[in-house]
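The values are calculated or read from the model by the stated rules, or taken from the named source; none is laboratory data. Being a predicted model, the structure only gives us computed values, none of them experimental. Every residue, glycine among them, receives a Cβ derived from its backbone with ideal geometry; neighbour counts consider all protein chains shown.
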Amino acid sequence: MSGLLSKNQWVAIYSSQELEPKGVKAMSVLGTDIAVWREEEGRVHAWHNQCPHRGMRLSYGFVRGSRLACLYHGWQYEGTIGKCAYIPAHPDLKPPKTACTKVYPCFESQGLVWVSIANPTADEPELSALSELEQPLQFCRTVFINEPPDVVSDILKTTVFLPFDASRASEGPYLIVTDKIESNGTGVTAQVNWHSKSNGKKIATVTYQTLIREQGVIINKSRGEQGEQGCLIFAILPINENKTGVHVLFSGDFTSQSLLGAKQYYAQWATRLRWSLENKNIRTDSYRPWF
Ligand code: FES
């Protein structure tokens, strides 16, 4: 794995909004199966997805207050420590100490649930780059790509991907002319001219800056000639050797109505992003999913 993705890092496994109270979900991180669940009171946990009793997947289980109960024989495990606290078939029996599931470090920040499957390099990930964004962060969607995490990560961090300002989406389709593109160790800067595809008329010149951050986070910022700003964020989820998730988030100043439109716009764009990444050998312009 590249420097952006390693076992010793924190990984954004789900968006917080996808995990409702009493919700249980499954996900793999670097090939490790994890059950992620939320207590009735809201606290989130990430466990090895296998019941210590007979191996049933715990992600099929159900939440009882601060415990997760296995679907098969109903053994209940305590949220913070993963230790069996109750066996329904033997209610008076003290569960054996060995009946304990592996608990992974887990916490929530910036609308994402973060997990570490090894020894994290820090108590909590350095997310200051996200918390420093001027506008609130909005989760758009997660796309799943049948490509290795390193490949997806390398493309995302070396290519300027940001779509055009969501508020001007209706003016498309666009033709794009890249004026300047510069790359260095910390990211990519590009100046892009947007033209109308129908009449060729230039609509705007936008400067893009892609910043590479730790913990699989890539931040794309854009600034138009009139000062319009956009910000698109990718949080990469390395599922296994051949599959990658990309959480797509954005930040900006939106009303409740324009926020809905922006979410739809970026969600459509994310679908094209997935297609582009999976079909990179078919189209020469495949890394430019704004077409
Ligand atoms: S397999 Fe989970 S309680 Fe038996």
In the set VAL29, VAL63, VAL11, the lone residue that is away from the ligand (no atom under 12 Å from the Cβ) and more than 19 Å from GLY216 (Cα to Cα) is VAL63
Checking HIS90, HIS45 in turn, the sole residue that is surrounded by 15 or more Cβ atoms within 10 Å (Cβ to Cβ) and either away from the ligand (no atom under 12 Å from the Cβ) or over 30 Å from THR244 (Cα atoms) (or both) turns out to be HIS45
Out of (1) without any contact (Cβ under 8 Å) to a residue 24 or more places away in the chain; (2) in a strand (DSSP E or B); (3) within 21 Å of SER116 (Cα to Cα), the one ILE81 does not meet is (2)
Subset of the stretch 66-87, residues under 12 Å from ALA99 (Cβ atoms) and either among the hydroxyl-bearing types (Ser, Thr, Tyr) or within 12 Å of the ligand (Cβ to nearest atom) (or both), comes to CYS70, HIS73, TRP75, GLN76, TYR77, CYS84, TYR86, ILE87
Those residues of the stretch 93-113 which are surrounded by fewer than 15 Cβ atoms within 10 Å (Cβ to Cβ) and either among the charged types (D, E, K, R) or away from the ligand (no atom under 14 Å from the Cβ) (or both) amount to LYS94, LYS97, LYS102
Can you confirm whether the stretch 57-64 contains a residue that is in the same structural domain as PRO105 (by TED's automatic domain parsing), surrounded by 24 or more Cβ atoms within 10 Å (Cβ to Cβ) and within 17 Å of LEU19 (Cβ to Cβ)?
yes
Taking the stretch 215-243 and keeping residues part of a loop (DSSP other than H, G, I, E, B) and crowded, with 17+ Cβ neighbours inside 10 Å leaves GLN215, GLY216
Please verify whether the stretch 8-18 includes one or more residues that are at pLDDT below 95, outside any loop (DSSP other than H, G, I, E, B) and surrounded by 21 or more Cβ atoms within 10 Å (Cβ to Cβ).
yes
Result of the Cβ filter at 8 Å on the stretch 190-216, keeping first residues that are free of Cβ contacts under 8 Å to residues at least 24 places away in the same chain and closer than 28 Å to ALA235 by Cβ and partners that are among the acidic types (Asp, Glu) and not in a strand (DSSP E or B), at least 6 apart or interchain, is none
